[in-house]
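Participant: Attaching a single structure in structure tokens format; questions to follow.
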Number of protein chains: 2
Amino acid sequence: MQHTYFQSIEYHPKEQPIPLDEVLAQLAFNQDGLIPVITQDTETKQVLMMAWMNIDALKRTLNTGRVTYWSRSRQNFWVKGETSGHVQLLVNLSFDCDGDAVLCEVHQTGAACHTGRRHCFYLKVEEDHVRVTGEYQKVEEV
Amino acid sequence: MQHTYFQSIEYHPKEQPIPLDEVLAQLAFNQDGLIPVITQDTETKQVLMMAWMNIDALKRTLNTGRVTYWSRSRQNFWVKGETSGHVQLLVNLSFDCDGDAVLCEVHQTGAACHTGRRHCFYLKVEEDHVRVTGEYQKVEEV
């Protein structure tokens with residue numbers, strides 16, 4: 001019972017850190033073995049993108065310090081910026097209260113979005129319309 | 001082909017907003033009819049939580065200005081703060097480049113997390129341990 005585990009550590013003393021492997025084993029990956037990841041620019045605090053990791057992508061991210069997702073379309077690891085140079089260097093990684101989401105704070109080089117925009121959330125709702133916002137410069141990464 | 005639709009509007013002119021209903025009809029809800037939602041504090045820029053909406057929760061959020069998720073555990077609408085008073089007033093709502101994630105910028109009253117913490121991402125990885133961080137005051141909301 002993953003939820004029970006995370007309830008049991010809600011008020012765990014800050015002074016007694018928990019082994020990482022114990023927490024990793026309890027994370028709530030979905031039926032495809034994936035967990036949603038929010039990536040935030042550590043300097044501007046802008047939310048850059050949302051993507052997915054499996055357990056191995058998560059471990060690679062932690063071990064290398066380079067944010068590595070799991071590409072659902074390509075069914076492969078996706079080392080962010082590998083082809084574009086727009087890498088994400090990991091600054092902080094956190095899990096949420098019920099262990100079903102990851103927050104990565106990163107130092108972002110260049111654009112996080114494949115459209116060349118700094119972030120992916122450029123489709124802004126304005127009353128009954130959506131405005132396509134954001135400055136961009138087209139990049140090659142897919 | 002939802003992805004094709006979002007590709008087609010990547011460089012749509014900012015001066016020509018797109019009808020909201022057209023975009024809503026193309027969003028990439030998962031097999032359970034849900035889309036992940038990132039909620040960010042508009043003042044502090046802190047990422048408060050990640051939860052899910054179905055199309056009706058999304059429309060309610062837009063129509064009422066009160067962030068309303070879909071509770072997967074209760075299988076019902078979850079008007080944030082309805083029982084705790086810790087409401088989220090919507091300031092901005094955006095979709096990402098492939099229409100499979102929502103970003104809500106909100107004015108947050110009190111704690112976003114059910115543990116009484118300001119945000120949910122309090123389990124912080126430090127090398128091979130996880131530290132349980134964050135100031136809290138226990139609240140009633142479930």
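Bear in mind that the values in this text are calculations on the coordinates, not laboratory data. Here the structure is a predicted model, which means the values were calculated and not measured. Every residue, glycine among them, receives a Cβ derived from its backbone with ideal geometry; neighbour counts consider all protein chains shown.
Participant: Output yes when any residue across region B:47-59 is surrounded by 16 or more Cβ atoms within 10 Å (Cβ to Cβ), of a type in the set (A, V, I, L, M) and over 24 Å from residue A:6 (Cβ atoms), and no when none is. Full working, then the answer.
Facilitator: Within region B:47-59, the subset surrounded by 16 or more Cβ atoms within 10 Å (Cβ to Cβ) is B:47-54, B:57-58.
Still in the running and of a type in the set (A, V, I, L, M): B:47-51, B:53, B:57-58.
Narrowing the set further to residues that are over 24 Å from residue A:6 (Cβ atoms) leaves B:58.
Scanning region B:47-59, I find at least one residue that is surrounded by 16 or more Cβ atoms within 10 Å (Cβ to Cβ), of a type in the set (A, V, I, L, M) and over 24 Å from residue A:6 (Cβ atoms), so the answer is yes.
Participant: Within region A:113-130, is even one residue of a type outside the set (Asp, Glu) and over 20 Å from residue B:100 (Cβ atoms)?
Facilitator: Yes, some residue in region A:113-130 is of a type outside the set (Asp, Glu) and over 20 Å from residue B:100 (Cβ atoms).
Participant: Of the residues B:83, B:109, B:133, which single one is surrounded by fewer than 18 Cβ atoms within 10 Å (Cβ to Cβ), among the β-branched types (Val, Ile, Thr) and without any contact (Cβ under 8 Å) to a residue 24 or more places away in the chain?
Facilitator: B:133
Participant: Look through region A:118-133, keep the residues that are at the interface with chain B (Cβ under 8 Å from one of its Cβ atoms) and among the basic types (Lys, Arg), and return whichever of them is nearest to the chain's Cα centre (by Cα).
Facilitator: Ranking the qualifying residues of region A:118-133, first place goes to A:124.
Here is a yes/no grid of residues against (1) touching a Ser or Thr at 6+ places or on another chain (Cβ under 8 Å); (2) over 16 Å from residue A:121 (Cα atoms):
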position	(1), (2)
B:27	no, no
B:36	no, no
B:55	no, yes
B:75	no, yes
B:79	yes, yes
B:98	no, no
B:113	no, yes
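Participant: If you don't mind, another one. Can you find, within region B:26-49, the residue that is farthest from residue B:80 (Cα to Cα) among those that are in contact (Cβ under 8 Å) with a residue 40 or more places away in the chain and of a type in the set (D, E, K, R)?
Facilitator: Ranking the candidates gives B:32 first.
Participant: Applying the selection to region A:1-49, what residues are within 30 Å of residue B:42 (Cβ to Cβ) and among the polar types (S, T, N, Q)?
Facilitator: A:7, A:30, A:39, A:40, A:42, A:44, A:46
Participant: Here's a follow-up. Please work out which one of (1) within 27 Å of residue B:105 (Cα to Cα); (2) out of contact with any His (no Cβ under 7 Å at 6 or more places or on another chain); (3) among the hydrophobic types (A, V, I, L, M, F, W, C) is the condition residue A:62 fails and give its number.
Facilitator: (1)
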